[in-house]
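Note sheet for the following structure.
Readers should treat all values here as calculations from the given coordinates under stated rules, not as data from a laboratory. Predicted, not measured: the structure shown is a model, and the values here were computed from it. Note: ideal-geometry Cβ built from the backbone for every residue, glycine included; neighbour counts use all protein chains shown.
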Amino acid sequence: MTRDLTVGEALRQQGVSRRGFLKFCATTASMMALSPAMVPAVARALEQARRPSVIWLSFQECTGCTESLTRSHAPTIEGLIFDSISLDYHHTLQAASGDAAEKAREQAMHDNHGKYLLVVDGSIPLANPGYSTIAGISNLDMLMETAEGAAAVIAVGTCAAYGGLPQANPNPTGAVSVMDLIKDKPIINVPGCPPIPAVITGVLAHYLTFGTIPELDHLGRPKAYFGTNIHDRCYRRPFYERGEFASTFDDEGARKGWCLYKLGCKGPVTYNACATAKWNGGTSWPVESGHGCIGCSEPAFWDRGGFYQPLSQATMTSGTVLGAAAAAGLAVGVGAALMGRGKHKQAQEEQK
Amino acid sequence: MNVDRLKSIGVVVEEVPAGAGNALPVLHEVLHALRRLSEDGDPTIIDLRAIPFGPGDEQALLETLGEGEITATLDSLGRTEIRETRYHGVWVVDYLGPDGERVGLQIEVTEVPGLLRTPAGDIGDAVAALQERLAAAEDTSSQENNR
């Protein structure tokens, strides 16, 4: 696809019919978590959309975010969205290496100054710039230099969004997030360890379609995907309401698919789209597989106490212990969920 | 469907226990939409990808809706299966990707789903294509008459 073509023109050039384009728009709107009523607007916008230049920087990370995106499943409509951007720099995926790779980044920055999207995965070490470098350039220098001409920055994965695993106590590298450093650009956080691939592409699709960033919550996450917590959308929620919990991974409650709250599920305080988008091409998700949510899309999830400790025992980032009444899981769970929602609402009000 | 693929490797997929699941609430939503279509003519699209289904839940919903008189297939960017359910006016549109994986699943409560309507641009193209074909046929015919 050449850069001058609109998405509509490019798809038609590939032999995609008008009905095929409508299908593309319907599934793209679904991926962006938009109402089906928005499909005509998506079609009009995509017909005219031109592919943006994207520069992808990977810092202190495990490449799981890129793996999530590129190896999720067979080529799909999401793949077409990814084809609709011009990925001008990604040191794991690009063929060029060394000076040629860095020249590609500089060229894309120069040619698209003020218009390109910067995607970052991984946190940035501040304790010593030598802890993580690319082509001899420290992560900090590369981020600041590349962000300067970006239209917006997408922090993919919990490491880029909030510091993630590298920032976990005792944070030996002095790891910080993108939003700790960039203050003058719109930043979209797409946390998760890794993030759901459809959410990554959905955010790219939103920018591609409308040329704007989606509405964000108080932690900079798109509300379309992170607007409700795991617990509220969990199909096991009715068991929670009835006080029916699995207490071990092989007891009667576990076999009957009861609520995993007592096994440490962080669903009540975790905002993400796993319960609807699911994983592995929509096959399943952790709770459906019998394991509680570990809260990977929340800041400092590594330091929130054990993954298998109920929320009523886990220590929150603020240092506040929710309560010691683990046995009264239901009551405490309601409190935890309300606390999560209260924080969410308070932050939304502060934003207004 | 992905769950079906799992069955082929011997994984037991548990069903949503009684009292849980979203199949029943969605059926109520379908009934509400069907009433709106019947009384006001307003169509509705329900995106099932936005609904949290438990194991076997979505399957139960689709089985309850069943299959009706009409099934159509669109072959573009992978197959799309459009079928009317046993409840007239309630259609299931199953969007599949190039390798047969599901990329979208919607219930359309309408007289005719949008994908079955011929796009206006295609009608214009069809006029031009048929005109060209007939003009070519006339040219051939007049050339033969002139011999």
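Worth pointing out:
- Residues B:T73, A:T201, B:T64 arranged by fewest to most Cβ contacts within 10 Å: B:T73, B:T64, A:T201
- Stokes-Einstein diffusion for the range A:51-226 at 4 °C, viscosity 1.567 mPa s, with a Kirkwood radius from C-alpha pairs, works out to 81 µm²/s.
- Only Lys, Arg, Asp and Glu carry charge here, each on its Cβ (+1 for the first two, -1 for the last two); on that basis the range B:2-141 has a dipole of about 300 debye about its Cα centre.
- Under 15 Å, Cβ to Cβ, from A:P186 - net charge with Lys/Arg +1 and Asp/Glu -1: +1
- Radius 15 Å from Cβ of B:L116, net charge of other residues (Lys, Arg +1; Asp, Glu -1): -2
- Note: the range B:2-141, Cα convex hull, 160 Å³ per residue.
- The C-alpha atoms of chain B define a longest principal axis, and helix B:120-146 lies at about 30 degrees to it.
- The loop-placed GluC sites (Glu not before Pro) in the range A:144-233, going by DSSP, that have at most 13 neighbouring Cβ atoms within 10 Å of their Cβ come out as A:E215.
- Here the Karplus curve 6.51 cos²θ - 1.76 cosθ + 1.60, taken at θ = phi - 60°, turns the phi angles of the range A:125-137 into couplings of x, 10, 5, 7, x, x, 4, 8, 9, 10, 6, x, 9 Hz, with x standing for Gly and Pro.
- Exposure proxy ranking for B:H32, A:H110, A:H91, A:H231, based on other Cβ atoms within 10 angstrom of each Cβ and starting from the fewest, stands as A:H110, B:H32, A:H91, A:H231.
- Pairwise centroid distance, computed over Cα atoms, of the range A:112-134 with the range A:1-57, Å: 29
- Packing-based exposure ordering (other Cβ within 10 Å, fewest first) of A:I134, A:I188, A:I124: A:I134, A:I188, A:I124
- Against the main long axis of the alpha-carbon atoms of chain B, helix B:23-40 sits at an angle near 50°.
- Alpha-carbon centroid distance for the pair the range B:31-60 / the range B:103-121, whole angstrom: 14
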